[in-house]
């Protein structure tokens, strides 16, 4: 997961940085630092990604158009 995918996933879920932080068990500052491109502990990015995946986000690898995200759950 890269910075842009993190932001895209938050928007897809309607989450702010505090929502992601609460769900991932990290501080809001940690999320902000990641999205600014700062260094984090090795376990932090996988924790954020796992949180998004549990919420129904799929990460799309770069395939010529750049990496992306999509919701794996139907919107009702």
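Laid out as a table, the results:
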item	result
From 48, 40, residue being in contact with a helix residue (DSSP H, G or I) (Cβ under 9 Å, 6 or more places away or on another chain), closer than 14 Å to residue 2 by Cβ and free of Cβ contacts under 8 Å to residues at least 12 places away in the same chain	40
Residue 1 being surrounded by 16 or more Cβ atoms within 10 Å (Cβ to Cβ), assigned to a helix (DSSP H, G or I) and under 12 Å from the mean Cα position of the chain (by Cα)	no
Options 30, 51; residue that is at pLDDT 95 or above, outside any loop (DSSP other than H, G, I, E, B), surrounded by 11 or more Cβ atoms within 10 Å (Cβ to Cβ) and over 11 Å from the mean Cα position of the chain (by Cα)	30
Any hit, the stretch 60-71, residues being in contact (Cβ under 8 Å) with a residue 24 or more places away in the chain, assigned to a helix (DSSP H, G or I) and either touching a strand residue (DSSP E or B) at 6+ places or on another chain (Cβ under 6 Å) or surrounded by 16 or more Cβ atoms within 10 Å (Cβ to Cβ) (or both)	no
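The values are calculated or read from the model by the stated rules, or taken from the named source; none is laboratory data. If you're wondering where the values come from, they're calculated on a predicted model, not measured in any experiment. In this analysis, Cβ positions are derived from the backbone assuming ideal geometry, glycine residues included, and neighbour counts consider all displayed protein chains.
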